[in-house]
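Okay, structure first, notes after.
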Amino acid sequence: MAKAERAAGFACTACGLRTPKWLGRCPDCGAWGSMGEVEVGRSSGKGIARLPLAIAAVEAGPVKRDSTGIGELDRVLGGGLVPGAAILLGGDPGIGKSTLLLAAMHAIAQQGPVLYVSGEESPRQIRLRGERLGALSNGLMLFAEGDVEAILATAERMRPRALAIDSIQTVHLPQLGGAPGGVAQLREVVARLVAFAKETDTPVFLVGHVTKDGAIAGPRVVEHMVDTVLYFEGDRGHAYRILRAHKNRFGSTNEIGVFEMKGSGLSEVPNPSALFLAERPRGAPGTAVAATLSGTRPVLVEVQALATPSQIPAPRRTCLGVDSARVGLLAAVLERKCGIDLAGCDLYVNVIGGLELTEPACDLAVAAALVSSLRDKPIAETTLVLGEIGLAGELRAVGQLPARLAEAAQLGFTRAIVPLGAGAQCEKPPLELVPVATLESALQVVFG
């Protein structure tokens, strides 16, 4: 077996780049003051080389997925839990990461024992949370430990259905120098846990701290090592939380899971559209409803806009949930192609519910909301507006129109303004379609 020597080196806490000497700025990612001292190993011999294998000779069958017992979590994971998957869960302090993890472990424990490792809370504290959540399964085994070797030894003996670490920044390897949460410690600890997951087909959940900027703390290489990176988002002042996948080797990253925080824990929201439109103002100018796709699920969202005369030479463009550059582009098209003067107005656009509109199918809703606010004319409550807007003022078709219209019909919408030719996608549309070719024609239909 090859001998390994230890030597000093430096690694960037942002991207994980290693250098033999200290640098003030990382040459890879450009971060300042991010180089920290670590110990690196040098192999003094040659290991046993593995032979390459033809891809056609690799045995592979259909991916088996197990349910976590939480439908919204299964949706974000791509349909369930894949054996051997390493999942990193991040989010702001107090957002509900531990609550979600404990509820998932309780559900998985109905199928077999699970190991819940906590380096921050005592078993008594977790028991109190479990009483509040109703998560007191006999198969849910608690382990207050920070030594990764002790954790892996216990997991080897138990062979649990799943392993949860809350949180990864509190786990360390005693033989390796540095405090828990350091660059070298995190890299080595995560590597050992991921290797255990792959060798034993045990799903491993890792809870990660986040920085003040909202990114998961530690080197970015940790996110590359795991299979799935989930972010739990939301305002602690509100009851609703959104779970997103920023990386997923076993499914789409477009799916979202919606939860409501209650006194008894997190409750799934199976119909986000009804939730996001529940407090929609009736007959108020400056609001429009569009149907966006979150993975495979259509979600109806309310877009609010406010256009007001500006008192400064450079009007403001403030946008939440939609790209400000996209809003500026739509404002330019409205001025040039429709003769609507927005150059001297402050524009504010907000997407209700904390969603982010990334697909251009919602362009028409944003433009209609801006014109509605400027003219002080409301859009009919049962009218849906869909379409991508081109620089020539034309409306372009959107994908998966039947699913969007079906979702709107279930919530009481009776009319949809869509691009010309969109009717060919729907043989029997569930509501009245008004096909239009240009943005100007769409605004004439909306505002009469």
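The values are calculated or read from the model by the stated rules, or taken from the named source; none is laboratory data. Every value quoted in this text rests on a predicted model; they were computed, and no experiment measured them. Cβ: placed from backbone, ideal geometry, glycine included. Neighbour counts: every protein chain shown. All accessible areas refer to the heavy atoms of the entire protein, side chains included, with ligands and DNA or RNA removed. Shrake-Rupley method; radii C 1.70, N 1.55, O 1.52, S 1.80 Å.
Looking at the chain, what % of its DSSP beta bridges pair antiparallel, to the nearest 5? Write out the running numbers ahead of the final one.
Details: 47 of 83 bridges.
If I count the DSSP bridges inside the chain, around 55 percent turn out antiparallel.
Evaluate the distance, in nm, between pseudo-label points positioned 7 Å from the Cα of ILE55 and of ARG316 along their respective Cα→Cβ axes.
Using points 7 Å along Cα→Cβ, the separation is 5.2 nm.
Taking Cα pairs under 8 Å and at least six residues apart, what relative contact order does the chain come out at, in percent? Write out the running numbers ahead of the final one.
Values: 948 pairs, mean separation 52.4, N = 448.
Worked out over the chain, it gives 12 percent.
Just report the Cα centroid separation between the stretch 377-394 and the stretch 208-278, whole Å.
A separation of 30 Å, based on Cα centres.
Over the stretch 286-339, give the accessible area per residue in Å² for a 1.4 Å probe, as an integer.
Numbers: 2410 Å² over 54 residues.
That works out to 45 Å² per residue.
Return the carbon/sulfur percentage of the accessible area of the chain, one whole number, probe 1.4 Å, all protein chains in place.
Working: 11140 of 21360 Å².
Exposed carbon and sulfur together represent 52 percent of the surface.
Can you work out the Karplus-derived ³J(HN,Hα) for every residue in the stretch 26-31? Use 6.51 cos²θ - 1.76 cosθ + 1.60 with θ = phi - 60°, whole Hz, and x for glycine or proline.
After applying 6.51 cos²θ - 1.76 cosθ + 1.60, I find 5, x, 8, 9, x, 6 Hz.
Using a 1.4 Å probe and counting only protein heavy atoms, arrange TYR240, TYR348, TYR231 so the residue with the most accessible area comes first.
Details: TYR240 95, TYR348 70, TYR231 25 Å².
Solvent-accessible surface, decreasing: TYR240, TYR348, TYR231.
Build a GNM of the chain with springs between Cα atoms under 10 Å: which of PRO402, PRO429, PRO313 gets the top mean-square fluctuation?
PRO313
Using a probe radius of 1.4 Å on heavy atoms only, what accessible surface per residue do you get for the stretch 395-448? Whole Å² is fine. Each step should come with its number before you reach the end.
Details: 2670 Å² over 54 residues.
About 49 Å² of surface per residue is accessible.
Pull up all non-local amide H partners of CYS15: gap of 5 or more, or a different chain, and H-to-H distance under 5 Å with H placed in the peptide plane.
ARG220
As I understand it, the value is the acute angle between the Cα axis of helix 148-158 and the longest principal axis of the Cα atoms of the chain; what does it come to in degrees, rounded to 10?
For helix 148-158, the angle is close to 90 degrees.
What do you get for the angle between helix 363-375 and the principal long axis of the chain? Use alpha-carbon atoms, 0 to 90 degrees, nearest ten.
Helix 363-375 and the main axis of the chain meet at about 50 degrees.
What cysteines in the chain have no other cysteine with a beta carbon less than 4.7 Å from their beta carbon?
CYS319, CYS338, CYS345, CYS362, CYS426
For the stretch 81-145, just say rounded, prolate or oblate: build the C-alpha gyration tensor, square-root its eigenvalues into a ≥ b ≥ c, call rounded for a/c under 1.5, and beyond that prolate if a/b exceeds b/c, oblate if not. Before the final figure, lay out each step's value.
On the way: a/c = 1.44, a/b = 1.05, b/c = 1.37.
Rounded, because the longest to shortest axis ratio a/c is under 1.5.
222 nm [θ] for the chain, helices only, -39500 (n - 2.57) per DSSP H run of 4+, per residue, to 500?
Calculated mean residue ellipticity at 222 nm is -7500 deg cm²/dmol.
May I ask you to derive the relative contact order of the stretch 107-195, considering only C-alpha pairs under 8 Å and at least 6 residues apart, and to give it as an integer percent? Display every interim value, and only then the final one.
On the way: 124 pairs, mean separation 29.0, N = 89.
Relative contact order comes out at 33 percent.
Count the DSSP beta bridges whose two residues both fall in the stretch 202-359, then state the antiparallel fraction as a percent rounded to the nearest 5. Could you put the intermediate results ahead of the total?
Numbers: 31 of 36 bridges.
Antiparallel bridges: around 85 percent, rounded to the nearest 5.
Net charge near ALA380, counting Lys/Arg +1 and Asp/Glu -1 over other residues with Cβ under 12 Å of its Cβ? Please list the in-between numbers first.
Working: positive: ARG282, LYS377, ARG415; negative: GLU381, GLU432.
My count for the surroundings of ALA380 gives +1.
Could you order peptides 390-401, 154-165 by the average number of other Cβ atoms within 10 Å of their residues, highest first?
On the way: 390-401: 16.7, 154-165: 19.6.
Taking the mean over residues of other Cβ atoms within 10 Å, the ranking is 154-165, 390-401.
So, with +1 on the Cβ of K and R and -1 on the Cβ of D and E, and no other charges, what is the size of the charge dipole of the stretch 221-348 about its Cα centre, to the nearest 20 debye? Please report the intermediate quantities before stating the final value.
Numbers: 14 positive and 13 negative charges, 27 e Å.
Charge dipole, the stretch 221-348, about its Cα centre: 120 debye, nearest 20.
What percent do you get for the relative contact order of the stretch 325-448 when only Cα pairs under 8 Å and 6+ apart count?
Working: 163 pairs, mean separation 28.0, N = 124.
Worked out over the stretch 325-448, it gives 23 percent.
Kindly identify the stretch 254-336 as rounded, prolate or oblate by the Cα gyration tensor criterion: order the square roots of the eigenvalues as a ≥ b ≥ c, call it rounded if a/c is under 1.5, otherwise compare a/b with b/c, prolate if a/b is larger, else oblate. Could the numbers behind the result be given before it?
Numbers: a/c = 2.35, a/b = 2.01, b/c = 1.17.
Prolate is the answer for the stretch 254-336, as a/c is 1.5 or above and a/b outweighs b/c.
Between rounded, prolate and oblate, where does the stretch 33-163 land on the alpha carbon gyration tensor, with a ≥ b ≥ c its root eigenvalues, rounded for a/c under 1.5, else prolate if a/b exceeds b/c? List each step's numbers first, then the result.
On the way: a/c = 1.88, a/b = 1.32, b/c = 1.42.
Oblate, because a/c is 1.5 or more while a/b does not exceed b/c.
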